[in-house]
1. Whether any residue in segment 21-39 is buried (at least 23 other Cβ atoms within 10 Å of the Cβ), in contact with a helix residue (DSSP H, G or I) (Cβ under 8 Å, 6 or more places away or on another chain) and of a type in the set (D, E, K, R) is what I want to check.
2. Filter segment 40-65 for residues that are touching a residue at least 60 places away in the same chain (Cβ under 8 Å) and over 20 Å from the mean Cα position of the chain (by Cα); which is farthest from Q335 (Cα to Cα)?
3. Mind checking which residues of segment 236-245 are surrounded by fewer than 22 Cβ atoms within 10 Å (Cβ to Cβ) and within 14 Å of F348 (Cα to Cα)?
4. Do the conditions hold for R251, that is, is it outside any loop (DSSP other than H, G, I, E, B) and over 20 Å from I301 (Cβ atoms)?
5. What's the number of the condition M92 fails, among (1) crowded, with 17+ Cβ neighbours inside 10 Å; (2) touching a Gly at 6+ places or on another chain (Cβ under 8 Å); (3) hydrophobic (A, V, I, L, M, F, W, C)?
6. Inside segment 307-322, can you point out the residues that are farther than 18 Å from D296 by Cβ and either among the hydroxyl-bearing types (S, T, Y) or not in a helix (DSSP H, G or I) (or both)?
7. I'd like to know if segment 288-301 contains one or more residues that are in a loop (DSSP other than H, G, I, E, B) and in contact with a Phe, Trp or Tyr (Cβ under 7 Å, 6 or more places away or on another chain).
8. Among (1) buried (at least 21 other Cβ atoms within 10 Å of the Cβ); (2) within 25 Å of V143 (Cα to Cα); (3) of a type in the set (G, A, S), there is one condition S45 misses while meeting the rest; what is its number?
Amino acid sequence: MSKLTFPRMGESWRAFKMLLEDLGNDVVVPPRPSKRTLDLGVRYSPEFACLPLKILMGTYLEAIEMGADTIVTTGGVGPCRAGEYALLHHKMLKDLGHDIKMVVFEPPRIYPFNFIKNVWTLNKNHTSVRGIIAHIKRGWRKVQALDNTEKLSHIIRPRELSRGTTTKVYQQVLEWIDCAYTTKQIIDAESAALEALRSLPQHNGQDVLRVGIVGEIYVLLEPASNLEMEETLGNLGVEVERSMFLTGWTRDNTWKDTTERKTVTEAAAPYLPELVGGHGRDTIGNTILYAKRGFDGIIQIAPFTCIPEIVSRTILPRVSRDYDIPVLTFFLDEQTGKAGMSTRLEAFTDLMRRKKRSKLGQGSLIV
């Protein structure tokens, strides 16, 4: 039997593993990206390829070492190189002598037959259509539980009395959700996880800053790629709200744009009315929406050489001036260090705190 692996993006691997095993597959869970992962990806990828391509290349090589012979991944549409990643990875792995198979899921709303064909290919148990739908629904419910738990951890962490307790409890409750199988078990595990986080001792009346994080999907969803930025901000007393979670991205690409997606597009229209690929337009739209909701600052994170986010970066100074909100940008590559990032985040946090207290900030605040 073939052994399947897939890209790792945050904690969603727990749901993907369950779904693929339900369909009768032998699954190799991709290891969490590490320095070795990145070193492997950098060694065998083009120099000017973006960070996600390099991390995924390293991830696939590590999974192959663990016995994987088939990769399940996604494609894409529009003017963004990410849609070509599967083809590039397949060619690079072939050139290295790995006889690997690729199962590439294109956006179902545009390529529905591709989705059906690939699901049927992965259906090793010959499960009925009704059974496949039930498996997908249960996997979807687990992704929702994982996302909801992560969102709450971003709220609790900056308010915790004892530094580090949120992260410790969060890692524990993830295992509860991971072990849950039936829909009822998943719902119960989610409820217990949320209650465990809410019950942590918290400061009362603490001045907590709110920051919206925008940017490219992979570096947003995979903490190892952004050097655990959200945890660092939480430890600085900053509540983080991320513009993208897997549940929202999946809804937008499965059937039709959600109301939230349409609202983001409308907000960005005066500044960036055209699709420039990736999540460039979303970066502008979400920045405006966060500013209207009274957030204290925006952080844009993107891979180095990401053209859509570079386009957005050139527009953000105007948005910053118009909405009087400070913006900090990180372009990430293999040279990015956590110490340097932490220093910049500390300085940005101090800037936001002074601005909030003084109420005198004027003009563009792009860092």
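No lab work stands behind these numbers, since they all come straight from the coordinates. Note that the coordinates shown come from a computational prediction; the quantities given were computed from them, not determined experimentally. No Cβ is skipped: glycine too gets one built from the backbone with ideal geometry, and neighbour counts run over all protein chains shown.
1. Within segment 21-39, not a single residue is buried (at least 23 other Cβ atoms within 10 Å of the Cβ), in contact with a helix residue (DSSP H, G or I) (Cβ under 8 Å, 6 or more places away or on another chain) and of a type in the set (D, E, K, R).
2. Result: F48.
3. If the condition is that a residue be surrounded by fewer than 22 Cβ atoms within 10 Å (Cβ to Cβ) and within 14 Å of F348 (Cα to Cα), then L236, G237, E239 are the ones that fit.
4. So R251 passes the test.
5. It fails just one condition, (2).
6. Of everything in segment 307-322, those that are farther than 18 Å from D296 by Cβ and either among the hydroxyl-bearing types (S, T, Y) or not in a helix (DSSP H, G or I) (or both) turn out to be S312, T314.
7. No, that holds for no residue.
8. Unmet for S45, out of (1) buried (at least 21 other Cβ atoms within 10 Å of the Cβ); (2) within 25 Å of V143 (Cα to Cα); (3) of a type in the set (G, A, S): (2).
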